[in-house]
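> Could you have a look at this structure, given as structure tokens, before my questions?
The values are calculated or read from the model by the stated rules, or taken from the named source; none is laboratory data. In this text the structure is predicted, and so the values were computed from the model without any measurement. Every residue, glycine among them, receives a Cβ derived from its backbone with ideal geometry; neighbour counts consider all protein chains shown. Surface accessibility is based on the protein's heavy atoms, side chains included, excluding ligands, DNA and RNA. Shrake-Rupley method; radii C 1.70, N 1.55, O 1.52, S 1.80 Å.
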Number of protein chains: 2
Amino acid sequence: VLALIEIDCDGHCAGVRPDGAELLAIAVSLAAAGQLRGVLTYVGAAYDWFAERERRAVVTAAERLRAAGMPAPIVSVGSTPTAMFARDLTGVTEVRAGVYVFMDLVMVGLGVASLDDVALSVLTTVIGHQRDRGWLIVDAGWMALSRDRGTQAQANDRGFGLACDEHGTVIDGLIVVDTNQEHGVLARDRGAPVDCDRFPVGTRLRILPNHACATAGQHDTYQVVDGGNAVVARWPRFGGW
Amino acid sequence: VLALIEIDCDGHCAGVRPDGAELLAIAVSLAAAGQLRGVLTYVGAAYDWFAERERRAVVTAAERLRAAGMPAPIVSVGSTPTAMFARDLTGVTEVRAGVYVFMDLVMVGLGVASLDDVALSVLTTVIGHQRDRGWLIVDAGWMALSRDRGTQAQANDRGFGLACDEHGTVIDGLIVVDTNQEHGVLARDRGAPVDCDRFPVGTRLRILPNHACATAGQHDTYQVVDGGNAVVARWPRFGGW
């Protein structure tokens with residue numbers, strides 16, 4: 001076993017404080033067993049001053065370990081916003097960026113990516129209309145999209161995802177406003193009714209995800225396309241954590 | 001292709017009204033193609049009068065089809081509450097009960113099942129403490145538990161799940177109050193601090209799910225136990241919808 005000590009840089013969840021007594025107590029114990037490899041942290045927030053706070057916490061912890069004569073070759077931080085926004089990564093040896101691979105609507109809302117950068121979507125089919133409500137019903141519910149509502153607190157609330165035509169062109173303002181287990185309900189984000197005749201039953205749409213991790217986690221395989229709609233490869237999804 | 005027509009019994013999502021003109025228009029078309037097999041509906045709510053409303057909608061639709069000379073051998077309703085609460089299923093040929101297999105905290109909250117009936121849990125390990133907040137940190141976040149918050153509107157809000165010891169005995173009032181992707185935060189549901197010394201790092205706990213479908217959907221295999229903690233079988237989870 002080779003161990004990293006998790007550092008709490010934002011008081012949000014797990015880890016020990018970079019300036020607290022627990023850090024050295026744990027480090028002494030791991031070092032005595034020959035298992036200490038360094039420190040890691042994660043900050044979920046997405047502003048440049050968070051990236052700096054994250055860096056400072058983990059570098060401080062690493063320096064305390066080294067000053068006490070213990071090894072800290074690995075100094076590891078999150079995340080996609082850190083990777084995009086950090087101005088200074090001095091002392092950091094690893095950035096664990098995940099969403100970075102696909103991007104998603106949360107990252108678009110944070111200004112980390114543009115809609116064109118989002119490389120993951122759920123292909124779905126219109127299976128019904130509720131014309132008096134201006135709704136399209138599709139065959140992708142939260143089992144396909146996840147329940148992630150990460151854009152809820154952002155300026156552009158995308159519901160459970162933003163609709164594109166099957167070629168990936170965004171249909172402005174058409175979002176998944178509600179889901180149940182196997183169905184999604186699409187409507188306009190400003191409440192205007194959808195023209196159901198424009199989207200007959202059988203129409204295929206792509207839904208861009210709020211959170212790529214959560215949506216990918218609902219599926220066991222990536223259907224890879226390269227410009228068109230032909231599936232050119234199938235990649236199994238890595239699981240376990 | 002053999003088709004059932006979905007009936008809207010509660011105005012909630014998909015389907016056509018049992019007394020509307022669309023039902024017969026669709027039926028004529030399917031019958032002409034030799035594909036019409038009957039009708040189905042689903043009501044998510046869980047009270048006996050909903051079960052009766054569901055039955056009445058779908059039986060009414062089937063009778064209209066038959067009166068028009070079309071076949072309706074299948075008359076299908078949901079759900080687990082329907083299966084438990086319905087007093088009269090006259091005219092119904094199928095009840096599609098899913099959660100029924102495992103039960104969950106939502107069903108317990110509705111009085112459909114008792115805690116002892118819940119046969120699905122997520123085994124997790126205490127990996128840290130935040131003593132000043134009275135928190136336990138476990139290695140099951142929403143990737144393991146799902147984001148389902150189905151008990152939120154019930155009298156007993158169970159957060160993201162209710163904790164048991166590893167043998168399945170409920171630890172009264174200890175719930176998952178928060179999750180991120182890979183971590184869960186456990187605390188008392190009434191805000192009292194957790195005695196962290198009672199749950200040292202390495203302690204194994206079982207989390208009962210709010211919604212069995214959503215939680216099972218986060219995993220690809222069931223680890224089957226039979227009274228003890230030894231895994232006596234591994235069952236792959238059925239996927240696709």
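> Order A:54, A:94, B:52 by their accessible area, 1.4 angstrom probe, all chains in place, largest first. Before the final figure, lay out each step's value.
Details: A:54 0, A:94 80, B:52 55 Å².
Heavy-atom accessible area, descending, gives A:94, B:52, A:54.
> Also, quick follow-up: Over all alpha-carbon pairs in segment B:38-112, figure out the percentage whose distance exceeds 14 Å. Can you show the working numbers first?
Numbers: 1572 of 2775 pairs.
Summing the P(r) tail past 14 Å for segment B:38-112 gives 57 percent.
> Which whole-number percent is the relative contact order of chain A (Cα, under 8 Å, 6+ apart)? Display every interim value, and only then the final one.
Values: 499 pairs, mean separation 35.0, N = 241.
Worked out over chain A, it gives 15 percent.
> Using a 1.4 angstrom probe on the protein heavy atoms only, line up A:102, B:238 by accessible area, largest first. Kindly include the intermediate steps, with their values, before the conclusion.
Details: A:102 45, B:238 175 Å².
Heavy-atom accessible area, descending, gives B:238, A:102.
> Then there is this: So for segment B:1-140, Kirkwood radius off the Cα pairs, Stokes-Einstein at 25 °C and 0.890 mPa s: how many µm² s⁻¹?
Working: Rh = 17.2 Å.
Using the Kirkwood radius from Cα pairs, D works out to 142 µm²/s.
> How far is helix B:21-32 tilted off the main Cα axis of chain B, in degrees rounded to 10, range 0 to 90?
80 degrees
> Another question, if that's okay. Counting only other chains, and only Cβ atoms inside 10 Å, what mean value do you get across the residues of A:11-20? Intermediate values should be presented prior to the final figure.
Values: counts 3, 5, 12, 12, 4, 3, 0, 0, 0, 0.
Counting Cβ atoms of other protein chains within 10 Å of each residue's Cβ and averaging gives 4.
> I would also like to ask the following. Just report the Cα centroid separation between segment A:190-241 and segment B:207-241, whole Å.
26 Å
> Label-to-label distances across copies for residue B:111, with labels 7 Å out along Cα→Cβ, in nm, shortest first?
Reported distances to equivalent positions: 5.4 nm.
> Length gain on complete extension for the stretch residue B:63 to residue B:93, per 0.36 nm per residue less the alpha carbon to alpha carbon distance? Please list the in-between numbers first.
On the way: separation 30, 0.36 × 30 = 10.80 nm, distance 1.33 nm.
Extending this stretch completely gives an extra 9.5 nm.
> What is the angle, in °, between the Cα long axis of helix B:48-67 and the longest principal axis of the Cα atoms in chain B? Nearest 10 is fine, range 0 to 90.
30 degrees
> A further question on this structure: I want the antiparallel fraction of DSSP beta bridges within chain B, as a percent rounded to 5. Could you put the intermediate results ahead of the total?
Details: 27 of 40 bridges.
Looking only at bridges with both residues in chain B, the antiparallel portion is about 70 percent.
> So, one more: What net charge is computed for the residues neighbouring residue B:108, neighbours being all others with C-beta under 9 Å from the C-beta of residue B:108, Lys and Arg scored +1, Asp and Glu -1?
Working: positive: B:158; negative: B:104, B:117.
Overall, the nearby charge balance is -1.
> Taking the label point as lying 7 angstrom from Cα along the Cα-to-Cβ axis, what are the distances from residue A:90 to the corresponding position in the remaining copies, in ascending order and in nanometres?
Those separations, rounded to one decimal, come out as 8.4 nm.
> Provide, in order from the shortest bin, the percent of all Cα-Cα pairs of the protein assembly as shown in each 20 Å bin, continuing until the bin that contains the maximum pair distance.
20, 50, 25, 5, 0
> Give me P(r) over segment B:72-196, computed from all C-alpha to C-alpha distances, binned every 10 Å, as integer percentages.
12, 37, 28, 13, 7, 2, 0
> To the nearest 0.05, what FRET efficiency results for residue B:155 and residue B:233 with a Förster distance of 51 Å applied to their C-beta separation?
Numbers: r = 36 Å, r/R0 = 0.71.
Step by step, r from the Cβ atoms, then E = 0.90.
> So if each residue of separation counts as 0.36 nm, and I subtract the Cα-Cα distance between residue A:53 and residue A:21, what length gain in nm does that give?
Details: separation 32, 0.36 × 32 = 11.52 nm, distance 1.97 nm.
Length gained between residue A:53 and residue A:21: 9.5 nm.
> Going by the rotation axis that takes chain B to chain A, pick out the residue of B with the closest C-beta and quote the gap in whole Å.
Here the value is B:147, 2.
> Let me ask something else about it. Which value, in Å² rounded to 10, gives the accessible area of residue B:92 with a 1.4 Å probe and all protein chains present?
In the full protein context, residue B:92 sits at about 30 Å².
> Can I get the semi-axes of chain A's equivalent ellipsoid? Compute them from the C-alpha gyration tensor as square roots of 5 times the eigenvalues, in angstrom, largest first.
Details: eigenvalues 377, 61, 44 Å².
Three semi-axes, in Å: 43, 18, 15.
> Next up: Past the 20 angstrom mark, what percentage of all C-alpha to C-alpha distances in segment A:115-186 do you count?
Numbers: 634 of 2556 pairs.
Roughly 25 percent, once rounded to a whole number.
> Report the local net charge at residue B:194: Lys and Arg +1, Asp and Glu -1, summed over other residues whose C-beta lies under 10 Å from its C-beta. Could you put the intermediate results ahead of the total?
On the way: positive: B:131, B:133, B:188, B:198; negative: B:195, B:197.
That sum, taken over residues with Cβ under 10 Å, equals +2.
> What Kirkwood hydrodynamic radius, in Å, does segment B:107-154 give when the mean of 1/r is taken over all pairs of distinct Cα atoms and then inverted? Mind dumping the intermediate values first?
Values: mean 1/r = 0.0761 Å⁻¹.
Radius from the Kirkwood sum: 13.1 Å.
> Run the helix sum for chain A: -39,500 (n - 2.57) per DSSP H stretch of 4+ residues, divided by residue count, reported at 222 nm to the nearest 500 deg cm²/dmol.
Numbers: 6 runs with 52 residues, N = 241.
After summing the helix terms and dividing by the residues of chain A, the value is -6000 deg cm²/dmol.
> Here's a follow-up. Taking the full set of protein chains and a 1.4 angstrom probe, give the accessible area of residue B:235 in square angstrom, rounded to the nearest 10.
About 140 Å², rounded to the nearest 10.
> Between residue B:154 and the same site in the other copies, what are the distances in nm, shortest first, taking label points 7 Å from Cα along the C-beta direction?
Those label-point separations list as 3.3 nm.
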